[in-house]
1. Tell me whether the stretch 155-170 contains one or more residues that are exposed (fewer than 13 other Cβ atoms within 10 Å of the Cβ), aliphatic (A, V, I, L, M) and either out of contact with any strand residue (DSSP E or B) (no Cβ under 7 Å at 6 or more places or on another chain) or not in a strand (DSSP E or B) (or both).
2. I need a count of the residues in the stretch 90-121 that are open to solvent by less than 30 Å² (accessible area, probe 1.4 Å) and not in a strand (DSSP E or B).
3. Which of the numbered conditions does ILE208 fail, given that it passes all the others? Conditions: (1) in a loop (DSSP other than H, G, I, E, B); (2) in contact with a His (Cβ under 9 Å, 6 or more places away or on another chain).
4. Within the stretch 54-73, how many residues turn out to be in a strand (DSSP E or B) and within 29 Å of GLN209 (Cα to Cα)?
5. Among the residues of the stretch 183-203, count how many are farther than 13 Å from HIS157 by Cα, assigned to a loop (DSSP other than H, G, I, E, B) and touching a residue at least 12 places away in the same chain (Cβ under 8 Å).
6. Given the stretch 1-53, what strands (runs of 3 or more DSSP E) lie entirely inside it while holding 1 or more residues that are over 28 Å from PHE107 (Cβ atoms)?
7. Could you list, in sequence order, all residues of the stretch 137-148 that are out of contact with any helix residue (DSSP H, G or I) (no Cβ under 8 Å at 6 or more places or on another chain) and either more than 19 Å from GLY67 (Cβ to Cβ) or exposed (fewer than 15 other Cβ atoms within 10 Å of the Cβ) (or both)?
8. What residue, of GLY77, GLY34, is touching a strand residue (DSSP E or B) at 6+ places or on another chain (Cβ under 8 Å), exposed (fewer than 13 other Cβ atoms within 10 Å of the Cβ) and more than 26 Å from GLY135 (Cα to Cα)?
Amino acid sequence: MHDSLTVLNTPEASAQGLFEERRSRFIANACHVGGLGDAADFVDRMRSLHPKARHVAFAALCFDAHGVPAERMSDDGEPAGTAGKPILELLRNRCVGDCVISVTRYFGGILLGAGGLTRAYANAASAALDCADYGKTVPFERFRIDISYPQLDACRHAIALSAGKVVEAQYTQAVVLVADVPAVNASTFRRRIIDQLKGDVRISEMGIQRSVVAVAKDFQRG
């Protein structure tokens, strides 16, 4: 399991890049999506915005909670492998996931050939990624922790030492905390909290979550 980059741009404010080749105009739009279904909805949105375009090709790369990738692409009538594939290869090469890129082509009347099409779709998609905002998709282990009130400060301290965060708290006769801890720190966190509370704690794993953390503007996109 590993961190991956994602774009922060939403479907309503997607990153856009333009490329022109022999009078054909390629408009690329990139945005963050939660899954392949959202990617398909975004492409439908682009088609509705460009009813006179000849093609709207796309590629999407998404990860599930465990970091397993799922991919989808379409040439949308272009010769096989000349549109969706170069877009998908760009996402793979730049390690950008949970993202869809659509490239809308307005045909200029001059055939570009397979090589020209491949380069044009890749260049347009690259231009969109170059102007996107980025974050890291980081895997977290979610824990439920049942403790007493005197243990609350020690528990919060253990969470903070493991770079975790409390996402839910219930205060009744006892305390129930739900905390997200970076997956790389999960084993250490479990040992730490058991040691600090001398074993007097009930802690259970609730599964893997994936959260997006913003990154600096000057990071290397590859």
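The values are calculated or read from the model by the stated rules, or taken from the named source; none is laboratory data. Everything numeric here is computed off the predicted structure, so don't read it as measured data. Cβ: placed from backbone, ideal geometry, glycine included. Neighbour counts: every protein chain shown. Side chains are part of the model used for accessible areas, which takes the heavy atoms of the whole protein and leaves out ligands, DNA and RNA. Shrake-Rupley method; radii C 1.70, N 1.55, O 1.52, S 1.80 Å.
1. yes
2. Final tally of qualifying residues: 10.
3. (1)
4. So the answer is 11.
5. Number satisfying all stated conditions: 2.
6. It comes to 4-7, 24-32.
7. Within the stretch 137-148, ARG144, ASP146, SER148 qualify.
8. After applying the criteria, what remains is GLY77.
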